[in-house]
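Peer 1: Handing you this structure, nothing more for now.
The values are calculated or read from the model by the stated rules, or taken from the named source; none is laboratory data. As the structure is a computational prediction, the values presented were derived from the model and not from experiment. No Cβ is skipped: glycine too gets one built from the backbone with ideal geometry, and neighbour counts run over all protein chains shown. Ligands, DNA and RNA are stripped out before the accessible areas are found, and what is left, the full protein with its side chains, is counted by its heavy atoms. Shrake-Rupley method; radii C 1.70, N 1.55, O 1.52, S 1.80 Å.
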Amino acid sequence: MAAGDTIVDVGRHRQRTETFRLMYVCTGNICRSPVAEIMTRHLLIGKLGGRLASQFDVSSAGVSAVVDSQIHPDTREELAPWGLDGVIAGRFRARQLRSAMVREADLVLGANPRHRSAVAERAPEGLRTAFSIREFALLAEAVDPDVLPVDPVTRAHELVEQARLMRGLVPMDPEELTIPDPMGRPQKTHHEAVMLIVDAVARIVDVMVPTRR
């Protein structure tokens, strides 16, 4: 544990409160998961400011990554409405998912349920903190906000625990849990995938960092 880190009891697990590590996973790590990574960081900075948002370590990887590749140009184009298609998208490079990444993450969100299975194959202990992106959005919204701490990082840790306990209790249509792979498909498909990701990520961030009234 790094100097200055604080340990508190969160749910049934002791968690480090200085950081929260969130990793997104898709297949090639050039379309869906990079968008989720970039959008999450963008929304967190908007809500918390750069200093506090830096406590959230947001990353992504692919189960069959096109290693060192940039975001697919058609997907990158869809980031333009937020001004994220330039330097921010340009810095991105795809990474291959490794078991150590799963073990180090506090939450792993796959583009589809099958990515959760791929995560578990690499690190079985990661199964308890792995969900699909849209699944976690539904579970997060079902959690009673009164049980969640105010501090954003501590709140994020507790949200994972509460969402895990909600599994099987929230009705879900399987079609609500998937984000179609736009690779090799028309621009429209890239747009639809990005919109699904933005919707789910925004809902998750809104629970992790609710707007103060």
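Peer 1: Going through 15, 55 one at a time, which residue ends up being open to solvent by less than 60 Å² (accessible area, probe 1.4 Å) and at pLDDT below 95?
Peer 2: 15
Peer 1: In region 120-133, which residues are in a strand (DSSP E or B) and surrounded by fewer than 21 Cβ atoms within 10 Å (Cβ to Cβ)? Reasoning before the result, please.
Peer 2: So in region 120-133, the residues in a strand (DSSP E or B) come out as 130-132.
Selection gives nothing.
Peer 1: Another question, if that's okay. Name the residues in region 169-201 that are over 15 Å from residue 115 (Cβ atoms) and polar (S, T, N, Q), would you?
Peer 2: 187, 189
Peer 1: Of the residues 102, 119, which single one is on the phi < 0 side of the Ramachandran plot, touching a helix residue (DSSP H, G or I) at 6+ places or on another chain (Cβ under 7 Å), at pLDDT below 95 and of a type outside the set (Asp, Glu)?
Peer 2: Values: 102 fails: at pLDDT below 95.
Exactly one of 102, 119 is on the phi < 0 side of the Ramachandran plot, touching a helix residue (DSSP H, G or I) at 6+ places or on another chain (Cβ under 7 Å), at pLDDT below 95 and of a type outside the set (Asp, Glu), namely 119.
Peer 1: So residue 65 clears everything in (1) crowded, with 21+ Cβ neighbours inside 10 Å; (2) under 15 Å from residue 197 (Cβ atoms); (3) of a type outside the set (Val, Ile, Thr) except one condition, right? Which one?
Peer 2: Failed condition: (2).
Peer 1: Residue check: is residue 35 open to solvent by less than 40 Å² (accessible area, probe 1.4 Å), closer than 22 Å to residue 114 by Cα, touching a residue at least 60 places away in the same chain (Cβ under 8 Å) and outside any loop (DSSP other than H, G, I, E, B)?
Peer 2: yes
Peer 1: List pairs: first residue in region 122-147 and touching a residue at least 24 places away in the same chain (Cβ under 8 Å) and under 14 Å from residue 112 (Cβ atoms), second residue among the polar types (S, T, N, Q) and surrounded by fewer than 24 Cβ atoms within 10 Å (Cβ to Cβ) anywhere in the structure, Cβ distance under 6 angstrom, at least six positions apart or on different chains.
Peer 2: Close Cβ pairs (under 6 Å, with a partner that is among the polar types (S, T, N, Q) and surrounded by fewer than 24 Cβ atoms within 10 Å (Cβ to Cβ)) amount to 132/112.
Peer 1: Only residues in region 153-181 that are within 24 Å of residue 35 (Cα to Cα) count as the first member; pair them with residues that are part of a helix (DSSP H, G or I) and of a type in the set (S, T, N, Q), Cβ under 6 angstrom, at least 6 apart or cross-chain, and list the lot.
Peer 2: Close Cβ pairs (under 6 Å, with a partner that is part of a helix (DSSP H, G or I) and of a type in the set (S, T, N, Q)) amount to 160/129.
Peer 1: In region 155-205, how many are at pLDDT 95 or above, closer than 30 Å to residue 73 by Cβ and part of a helix (DSSP H, G or I)?
Peer 2: 19
Peer 1: Quick one: residue 43 ticks every box in (1) closer than 25 Å to residue 184 by Cβ; (2) assigned to a helix (DSSP H, G or I) except a single one, so which number is it?
Peer 2: (1)
Peer 1: In region 143-154, which residues are under 18 Å from the mean Cα position of the chain (by Cα), among the β-branched types (Val, Ile, Thr) and either crowded, with 20+ Cβ neighbours inside 10 Å or part of a helix (DSSP H, G or I) (or both)? Spell out how you get there, then give the answer.
Peer 2: Here is the first cut: in region 143-154, the residues under 18 Å from the mean Cα position of the chain (by Cα) are 143, 152-154.
Within this subset, residues satisfying the condition of being among the β-branched types (Val, Ile, Thr) are 143, 153-154.
153, 154 - these are the residues of region 143-154 that are under 18 Å from the mean Cα position of the chain (by Cα), among the β-branched types (Val, Ile, Thr) and either crowded, with 20+ Cβ neighbours inside 10 Å or part of a helix (DSSP H, G or I) (or both).
Peer 1: Here's another thing I want to ask about it. Among (1) within 26 Å of residue 27 (Cα to Cα); (2) open to solvent by 30 Å² or more (accessible area, probe 1.4 Å), there is one condition residue 160 misses while meeting the rest; what is its number?
Peer 2: Of the numbered conditions (1) within 26 Å of residue 27 (Cα to Cα); (2) open to solvent by 30 Å² or more (accessible area, probe 1.4 Å), the odd one out for residue 160 is (2).
Peer 1: Any idea which residue in region 75-99 is farthest from residue 192 (Cα to Cα), counting only those that are out of contact with any Gly (no Cβ under 9 Å at 6 or more places or on another chain) and outside any loop (DSSP other than H, G, I, E, B)? Even if it seems obvious, please write down each step before you answer.
Peer 2: Narrowing region 75-99 to residues out of contact with any Gly (no Cβ under 9 Å at 6 or more places or on another chain): 75, 77-78, 81-93, 98.
Applying the additional criterion that residues be outside any loop (DSSP other than H, G, I, E, B) yields 75, 77, 81-82, 87-90.
Numbers: 75: 10, 77: 13, 81: 14, 82: 16, 87: 23, 88: 21, 89: 18, 90: 21 Å.
If we take residues in region 75-99 being out of contact with any Gly (no Cβ under 9 Å at 6 or more places or on another chain) and outside any loop (DSSP other than H, G, I, E, B), then 87 is farthest from residue 192 (Cα to Cα).
Peer 1: I'd like to verify a number: residues in region 100-119 that are in a helix (DSSP H, G or I) and open to solvent by 20 Å² or more (accessible area, probe 1.4 Å), how many? First the steps, then the outcome.
Peer 2: Filtering region 100-119 down to residues in a helix (DSSP H, G or I) leaves 100-104, 113-119.
Add one more test, that the residue is open to solvent by 20 Å² or more (accessible area, probe 1.4 Å), and what stays is 100-101, 103-104, 113-114, 116-117.
Final tally of qualifying residues: 8.
Peer 1: Going through region 20-32 one residue at a time, which ones are among the charged types (D, E, K, R) and open to solvent by less than 10 Å² (accessible area, probe 1.4 Å)? Spell out how you get there, then give the answer.
Peer 2: Our first condition is that a residue be among the charged types (D, E, K, R); within region 20-32, this holds for 21, 32.
The answer is 32, and nothing else.
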